[in-house]
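Okay, structure first, notes after.
The values are calculated or read from the model by the stated rules, or taken from the named source; none is laboratory data. Just so we're clear, the structure is a prediction, and the values are computed from it rather than from any experiment. Cβ sites come from the backbone with ideal geometry, for glycine too, and all protein chains shown count toward neighbours.
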Amino acid sequence: MADYDVFNGDADGICALVQLRLAMPRETTLITGVKRDISLLQRVKARAGDRITVLDVSMRNNAAALAAALAAGADVFYADHHNAGDIPEHPALTAHIDTDARICTSLIVDRLLGGSSHLWAITAAFGDSLSAVALDLAASAGLGAADTRRLERLGTLINYNGYGTATSDLHFAPDALYLNLVRHASPLGFLSESADIFAVLEEGYKADMAAAEHADIIDAAPEGLILHLPDTAASRRVSGVYGNAIAQDHPERAHAILTDRPEGGYLVSVRAPVARRDGADRLCLQFETGGGRAGAAGINHLPEGDLPRFIAAFRTAF
């Protein structure tokens, strides 16, 4: 029997697993990657009796691998908030899927655990651009303004670290960052004891965000803005968090950031208007490598020839 933890390399996936393993310690094989590396379950060669935990990874994109794991006799615990497609009924599958736009995977896990590591869930909500939700939770938890800002920054930085086309783009490999975080019962403890890790992320974030402010405008309207970034590691790292930041600044407007890929075409990050948080997944699912959730979604490879179709679909969606 083997145990596997399969999780998205962003703030939501990492913090969801931190909560679970603080509550239920288990020696596992960690399977993760950059945020856009979502076909993770296929890396597991499941056998009868294996226990597989899958967090913040689209079931729609892993349907075949999930079916194979269940057929092999593995038990699968699956928590996620992305568009899941058809959820199979199987006695060995425990699925907690909630696609509400105000929910992330870490909040699903927080609910299941009765808030045993609640501050990690709040950190994840900040990282997943659910700022209003996170602020409400922080206030309900009795956090002061200073600690709330610290959790907001940490969530943003963990999320920032997940963006790239390969782990070589990242400041820290997601599994290594997770192992540092899970040592701490509270994110406030991590911040007090791991200032060196925080400093690396903070410095990188500031530099990359400053560079992103020079993004070219592809299409602009009151309802939506499409920006373009060049093919650099900094662009790949910042594409999602820059989209989150400008979405918060302009809550009535949808945003898309297109980053050049070295082989041609674009990596696409889409944010629905914060005021509505709907339609991003439906837009991106119109394209072959698209997926995501209602408030935030993306396309892993948009061919250059599909750019006019994307612009038209973006305008229609928002």
Original post:
Taking PHE198 and the conditions (1) over 17 Å from the mean Cα position of the chain (by Cα); (2) aromatic (Phe, Trp, Tyr); (3) under 23 Å from ASP260 (Cα atoms), which numbered condition does it fall short on, given that it satisfies the others?
Top reply: (3)
Subject >> the stretch 29-69, residues that are modelled with pLDDT of 95 or more and small (Gly, Ala, Ser) >> reply: GLY33, ALA46, ALA48, GLY49, ALA63, ALA64, ALA65, ALA67, ALA68, ALA69
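Only one of SER106, SER117 is surrounded by 22 or more Cβ atoms within 10 Å (Cβ to Cβ), out of contact with any Phe, Trp or Tyr (no Cβ under 9 Å at 6 or more places or on another chain) and closer than 23 Å to LEU22 by Cα; which? Give the steps one after another, and end with the answer.
Working: SER106 fails: out of contact with any Phe, Trp or Tyr (no Cβ under 9 Å at 6 or more places or on another chain).
From the options SER106, SER117, the qualifying one is SER117.
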**OP:** Could you look through the stretch 122-137, keep only residues that are more than 17 Å from the chain's Cα centre (by Cα) and closer than 22 Å to LEU181 by Cα, and pick out the one that is surrounded by the most Cβ atoms within 10 Å (Cβ to Cβ)?
**Re:** LEU137
Original post:
From the list ALA247, ALA294, ALA280, which residue is aliphatic (A, V, I, L, M), farther than 27 Å from ASN62 by Cα and not assigned by TED's automatic domain parsing to the domain that holds ALA101?
Top reply: ALA247
Original post:
Scanning the stretch 3-35 for residues that are surrounded by fewer than 24 Cβ atoms within 10 Å (Cβ to Cβ) and basic (Lys, Arg), which turns out farthest from the chain's Cα centre (by Cα)?
Top reply: ARG26
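State which residue is farthest from ASP80 (Cα to Cα) when the search covers only the stretch 286-295 and only residues that are in a loop (DSSP other than H, G, I, E, B) and modelled with pLDDT under 95.
Taking the stretch 286-295 as the starting set, the residues that turn out to be in a loop (DSSP other than H, G, I, E, B) are 286-289, 293-295.
Add one more test, that the residue is modelled with pLDDT under 95, and what stays is 288-289, 293-295.
Values: GLU288: 21, THR289: 19, ARG293: 10, ALA294: 13, GLY295: 14 Å.
Step by step, filter the stretch 286-295, then rank; the result is GLU288.
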Original post:
Any idea how many residues of the stretch 96-112 are closer than 18 Å to GLY127 by Cβ and not in a helix (DSSP H, G or I)?
Top reply: 6
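Looking at GLY189, GLY155, GLY142, which one is not in a helix (DSSP H, G or I) and not assigned by TED's automatic domain parsing to the domain that holds LEU302? Spell out the reasoning first.
Details: GLY189 fails: not in a helix (DSSP H, G or I); GLY155 fails: not in a helix (DSSP H, G or I).
Just a single option satisfies the conditions, and that option is GLY142.
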Subject >> the stretch 70-121, subset within 19 Å of ILE14 (Cα to Cα), charged (D, E, K, R) and at pLDDT 95 or above, residue farthest from the chain's Cα centre (by Cα) >> reply: ARG111
Original post:
Is it true that some residue in the stretch 113-121 is touching a Ser or Thr at 6+ places or on another chain (Cβ under 8 Å) and part of a loop (DSSP other than H, G, I, E, B)?
Top reply: yes
Subject >> One residue from LEU201, LEU225 being within 26 Å of ILE14 (Cβ to Cβ) and hydrophobic (A, V, I, L, M, F, W, C) >> reply: LEU201
